[in-house]
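Just below is one structure, and these are the notes that go with it.
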Amino acid sequence: MIGCTMGMLLITMRRCQNLWITQRYHPLALRSFLINAHYRSPLNYSVVQLEGALDAIFYIYQTLKDCQDALLQLQEEIPNDGKPARTTPDTNECISKLRNEFQVKMSDDLSTSLILTGAFLEALKLVNNLLTMLKKKQQKQQRLLVIQSLKKEIEKEVTKVLDVLGLQPPCSYNEVLLQLKEKALTRAGLVEDDVIRLINERFEVRRNKDFLKSDQMRAHL
């Protein structure tokens, strides 16, 4: 750039870097990456750490979407009588631990880097376990306990944490997951049709019993 100062050149380079990142990574993934470091500590940028933050929020949103989808199908079984929700013992313990851990970490000089671990991850695992239980045949009362545990307690507590951290998406979980997938395609230099073609090619390879090549293609995908 002829006739520009070093400062102007550095600003232009920084803008190009920011554009490169935002084209490839969702803003919520970047926010998740940023809060993984304490606000008074240096932020060590690396693609590996950014990908790790991305994987974490994808898991969070996918779990919550699965929960919403399951509860939507069971809407008629959810009581709307204004009475306190009855929940499973595991749910009560999980929620108590999540609330306490969140308050302790936020009170400890805003230790945001530790919030999406520990009790928060345990809550997501419990959601997945309860969703698995819903797929099994159960007595009506036990089934109701599971549904109320998901709808009125765990989902509510998890979304409270996300809201405080600024990680609750402004759109539906389905929409934000689609946006994250589109960014992944951009990073890979692919479009959706390319992925479908590769999946079909892998299917043909497996059908021909070339399992080594199939595994290589799966790793690539």
For segment 88-101, which positions are of a type outside the set (S, T, N, Q) and either open to solvent by 60 Å² or more (accessible area, probe 1.4 Å) or outside the structural domain of residue 60 (by the TED database) (or both)? 89, 90, 93, 97, 99
Qualifying residues in segment 171-214 (those that are part of a helix (DSSP H, G or I) and of a type in the set (Val, Ile, Thr)) - the one modelled with the lowest pLDDT: 195
Only one of these is open to solvent by 40 Å² or more (accessible area, probe 1.4 Å), at pLDDT below 90, of a type in the set (D, E, K, R) and within 20 Å of residue 109 (Cα to Cα): 40, 24. Name it. 40
Checking the structure you have, find out if any residue of segment 128-137 is open to solvent by less than 90 Å² (accessible area, probe 1.4 Å) and modelled with pLDDT under 80. yes
When you look at residue 104, is it open to solvent by 20 Å² or more (accessible area, probe 1.4 Å) and at pLDDT 75 or above, yes or no? yes
Over segment 90-128, the set of residues in contact (Cβ under 8 Å) with a residue 24 or more places away in the chain and of a type in the set (Asp, Glu) is 90, 109, 122
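The values are calculated or read from the model by the stated rules, or taken from the named source; none is laboratory data. Quantities reported herein were computed from a predicted structural model and do not represent experimental measurements. A quick note on method: Cβ atoms are made from the backbone with ideal geometry, for glycine too, and the neighbour counts reach across all protein chains shown. Ligands, DNA and RNA are excluded from the accessible area calculation, which covers all protein heavy atoms including side chains. Shrake-Rupley method; radii C 1.70, N 1.55, O 1.52, S 1.80 Å.
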